[in-house]
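Asker: Have a look at the structure that comes next, please.
The values are calculated or read from the model by the stated rules, or taken from the named source; none is laboratory data. Remember, it's a predicted structure, so these values are computed and weren't measured experimentally. Using ideal geometry, Cβ is built from the backbone for each residue, glycine included, and neighbour counts are taken over all protein chains shown.
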Amino acid sequence: MTDSDHKLLKKDVFGEVSLQLHDAGPRILRDAGRARPWARWLARRLLAREARALAAVDGITGVPEVLHVDTDTLQRSWIAGEPMQQARPARIAYFRAAAKLLRSLHRLNLVHNDLAKEPNWLVTEDGQPGIVDFQLAWHAPRRGRLFRLLAHEDLRHLLKHKRTYCPDYLTRRELSILENPTLISRTWMLGGKPVYLFVTRKILGWADREGANDRSES
């Protein structure tokens, strides 16, 4: 494969994410081997976590398929479309389909845990939802209280996006969910998020929408 068949989408302390063009079609490659030496162990753990999460929901439309995985690399299928902040979905049909996709993940005992970020939501070429970046996802063989709380947070994040792009279609129940954050959400906003923002933006130089202009597949 030549350099023209390879496009770097993202590079940070945890390695590189690139778009690769193959005869069988485009693919996404996450390479933890290119992480900073001090972060490589964590990059590998996140890569393995993503591989396990995607394997748990294999076959669901709107979720990437794992094509190859080893210690340092994860290759997965490409979902053609645009990230939410570029596509700006304003059709209620999109958010209904997105809620259905989210329920499909939860039925298979998987929570995503990072759906507040708009680049992790895609609008495909036919207007359907897609979800990427499963590094923080959690597959729970048993549904306990923590799983239910995290699944509720997944839903709240989707409803926040619906409030941004399709507010007129929020139901009373959805408005109630938005107006009554869980203990996890309140704790995160008061303590966790300020620390997260300091570490990611001041120390690591990240932004939540990093790579968004290039259709970030992180």
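Table: residues versus (1) closer than 13 Å to Leu74 by Cβ; (2) among the charged types (D, E, K, R); (3) within 17 Å of the chain's Cα centre (by Cα); (4) surrounded by 12 or more Cβ atoms within 10 Å (Cβ to Cβ).
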| site | (1), (2), (3), (4) |
| --- | --- |
| Lys10 | no, yes, yes, yes |
| Phe14 | yes, no, yes, yes |
| Val17 | yes, no, yes, yes |
| Leu21 | no, no, no, yes |
| Ala24 | no, no, no, no |
| Leu29 | yes, no, yes, yes |
| Arg34 | yes, yes, no, yes |
| Trp38 | no, no, no, no |
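Asker: For region 37-87, how many residues are charged (D, E, K, R), in contact with a helix residue (DSSP H, G or I) (Cβ under 8 Å, 6 or more places away or on another chain) and closer than 17 Å to Leu9 by Cα?
Answerer: Here the count works out to 1.
Asker: Filter region 65-91 for residues that are loosely packed, with under 14 Cβ neighbours inside 10 Å and among the charged types (D, E, K, R); which is farthest from Pro167 (Cα to Cα)?
Answerer: Asp70
Asker: I'd like the residue in region 158-186 that is in a helix (DSSP H, G or I) and more than 20 Å from Trp121 (Cβ to Cβ) and, out of all such residues, is modelled with the lowest pLDDT.
Answerer: Once the filter is applied, the top-ranked residue is Arg186.
Asker: Moving on. Please state which one of His6, His106 is free of Cβ contacts under 8 Å to residues at least 60 places away in the same chain and buried (at least 18 other Cβ atoms within 10 Å of the Cβ).
Answerer: Only one candidate passes the filter, namely His106.
Asker: Which one of these is within 13 Å of the chain's Cα centre (by Cα) and in a helix (DSSP H, G or I): Asp154, Asp114?
Answerer: Asp154 is the lone residue from the list that is within 13 Å of the chain's Cα centre (by Cα) and in a helix (DSSP H, G or I).
Asker: Listed residues Gly33, Gly62; which is at pLDDT 95 or above and either in a loop (DSSP other than H, G, I, E, B) or under 30 Å from Arg163 (Cα atoms) (or both)?
Answerer: Gly62
Asker: Glu153: under 25 Å from Ile92 (Cα atoms) and at pLDDT below 95, yes or no?
Answerer: yes
Asker: Go over the candidates Trp121, Trp206 one by one and state the one that is at pLDDT below 80 and among the aromatic types (Phe, Trp, Tyr).
Answerer: Trp206
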